[in-house]
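> Please read through the structure below; I'll follow up with questions.
The values are calculated or read from the model by the stated rules, or taken from the named source; none is laboratory data. Remember, it's a predicted structure, so these values are computed and weren't measured experimentally. When we count neighbours, we look across all protein chains shown, and the Cβ atoms used for this are built from the backbone with ideal geometry, even at glycine.
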Amino acid sequence: MLQSEFELTVNPTRIVFSEGAISRAQEMVEVLGCKRALVLSTPEQTEQAESLAASLGNCSAGVFNNATMHTPVDVTVDALRVYENSRADCTVAIGGGSTTGLGKAMSYRVGQGQIVIPTTYAGSEVTPILGQTENNVKTTIREAALQPDIVIYDPELSYGLPEAMSITSGLNAVAHAVEALYAKDRNPVASMMALEGAQALLEALPDIKTKSDSVVGRRKALYGAWLCGSVLGSVGMALHHKLCHTIGGMFDLPHAQTHAIVLPHALAFNEFAVPELLSPLANVLGSDSAGAGLFTFSQAIGAPLSLEELGMPHSGIESAAKSAIQNSYWNPRSFDQAQLHRLIENAFYGRMPETMG
Ligand code: NAD
């Protein structure tokens, strides 16, 4: 059905997508009009970062390899010191959402040009959103200038992403698509991208589970991640993202796994209010219900299903429901604390999701 009213701003990031595209990093530094790029990575991806820096030749200003989950401000300050001492004029972040976050946090302070080479499916590289942590408090900033200038998608770099991380990172991306499908400010372009992105990932993940370096699977997953990240950056999210932010922050749970577990439950709950917006996704899943279909899909590919397994305490069900009800935010369906308690409890035990209609 054609949406009768909408507004949208087109995503300004330049996308370079191909196997082997990492070899174009130096060319992209020059496209930015820059001369010296500081390469960013986590400690675990130092080897990849050093090899990238070597390939940049004279355009390399070295490597800063201490990107850290949740973007702590003290790490950003260290990185900026290295950036200034090395006379760099742009950054190239290679890695997942944590490394991309560091590049954005630096840009928030000094406005340098940003190139990102993603190696997970988190999607941060195509959003204007920065989450950073100071004194244990995580804040989120949304500003157009934070959006990276160029993204190099090279599927070959994700061949080594471990199976479990591939699955949870892929489902984290699907979560962006699900909430874009019923977003308050949804638009026809975002809805098409969301459905195409979710479908690409739902087709790719079983393929990757069978063969981690499946060329077609990895290409499709990264393509899906780009689309899902793009809609995260362009329309508002709702209950699912709010719950994951609350639960993940309260109990220090891993980001992608928390999304993977909560998603079928938030989806089933919202599906009751907007079945027509989610029926295309149910079709992709081959099910009458998107929520139940996604839960069955997650079971089949061995995704984590229970928050208890992630280490959340049982007492956390009530405290998370209480906390998540406090700040108001838009959702396609209104809810009360008892419903949130039940939703979180189902996710805690890994039960089949309920619509609670
Ligand atoms: P991550 O970046 O923390 O990576 C997890 C680990 O996997 C790291 O050690 C990393 O080096 C390693 N890794 C990454 N790619 C690899 C590969 N191909 N092979 C082997 N190891 C690899 O995890 P993530 O899930 O990508 O990102 C999570 C973070 O991103 C969270 O802090 C989240 O809040 C943020 N995020 C932000 C946005 C946004 O728009 N601002 C969007 C999504 C996620």
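> Are there any pairs, at least 6 apart or on different chains, whose C-beta atoms fall under 8 Å, with the first in segment 94-114 and more than 18 Å from ALA61 (Cβ to Cβ) and the second surrounded by 24 or more Cβ atoms within 10 Å (Cβ to Cβ) and among the acidic types (Asp, Glu), and if so, which?
That search, which allows pairs on different chains as well, returns THR100/GLU125.
> Quick one: in segment 155-189, of everything that is over 30 Å from SER306 (Cβ atoms) and touching a Phe, Trp or Tyr at 6+ places or on another chain (Cβ under 9 Å), which residue is farthest from the ligand (Cβ to nearest atom)?
So the residue we want is PRO188.
> When you go through THR119, THR140 one by one, which is the residue that is hydroxyl-bearing (Ser, Thr, Tyr) and either under 17 Å from ALA256 (Cα atoms) or buried (at least 23 other Cβ atoms within 10 Å of the Cβ) (or both)?
THR119
> What's the total number of residues in segment 213-232 that are modelled with pLDDT of 95 or more and within 13 Å of the ligand (Cβ to nearest atom)?
10
> Answer yes or no as to whether ILE152 is in the same structural domain as VAL92 (by TED's automatic domain parsing), modelled with pLDDT of 95 or more, away from the ligand (no atom under 12 Å from the Cβ) and touching a Phe, Trp or Tyr at 6+ places or on another chain (Cβ under 9 Å).
yes
> Give the residues of segment 108-130 that are within 12 Å of the ligand (Cβ to nearest atom) and under 16 Å from ASP78 (Cα atoms), sorted by residue number.
TYR108
> Something else: Please go through (1) without any contact (Cβ under 8 Å) to a residue 60 or more places away in the chain; (2) under 21 Å from ALA144 (Cα atoms); (3) in contact with a Lys or Arg (Cβ under 9 Å, 6 or more places away or on another chain) for GLY131 and return the number of the only condition it doesn't satisfy.
Of (1) without any contact (Cβ under 8 Å) to a residue 60 or more places away in the chain; (2) under 21 Å from ALA144 (Cα atoms); (3) in contact with a Lys or Arg (Cβ under 9 Å, 6 or more places away or on another chain), only one is false for GLY131: (1).
> When both residues are 6+ apart or on different chains and their Cβ atoms are under 9 Å apart, which pairs have a first residue that lies in segment 48-59 and is in contact (Cβ under 8 Å) with a residue 60 or more places away in the chain and within 16 Å of CYS34 (Cβ to Cβ), and a second that is outside any helix (DSSP H, G or I) and not basic (Lys, Arg)?
LEU52/VAL39; LEU52/SER41; LEU52/SER60; LEU52/VAL63; LEU52/VAL92; LEU52/ILE94; LEU52/ILE117
> Then there's this: Within 27 Å of GLY101 (Cα to Cα), assigned to a helix (DSSP H, G or I) and of a type in the set (S, T, N, Q) - does that describe any residue in segment 309-320?
The answer is no; no qualifying residue exists.
> Go through segment 62-77 and count every residue that is within 20 Å of GLY249 (Cα to Cα) and within 10 Å of the ligand (Cβ to nearest atom).
5
> Just one of ALA67, ALA61, ALA93, ALA53 is buried (at least 19 other Cβ atoms within 10 Å of the Cβ) and touching a Lys or Arg at 6+ places or on another chain (Cβ under 8 Å); which is it?
ALA61
> With respect to the numbered conditions (1) of a type outside the set (S, T, N, Q); (2) near the ligand (Cβ under 10 Å from one of its atoms); (3) surrounded by 17 or more Cβ atoms within 10 Å (Cβ to Cβ), which one is the sole condition not fulfilled by LEU80?
Condition not satisfied by LEU80: (2).
> Would you call ASP89 more than 14 Å from the ligand (Cβ to nearest atom), more than 30 Å from MET193 (Cβ to Cβ), among the charged types (D, E, K, R) and touching a Gly at 6+ places or on another chain (Cβ under 9 Å)?
Considered against the rule, which asks whether it is more than 14 Å from the ligand (Cβ to nearest atom), more than 30 Å from MET193 (Cβ to Cβ), among the charged types (D, E, K, R) and touching a Gly at 6+ places or on another chain (Cβ under 9 Å), ASP89 comes out as yes.
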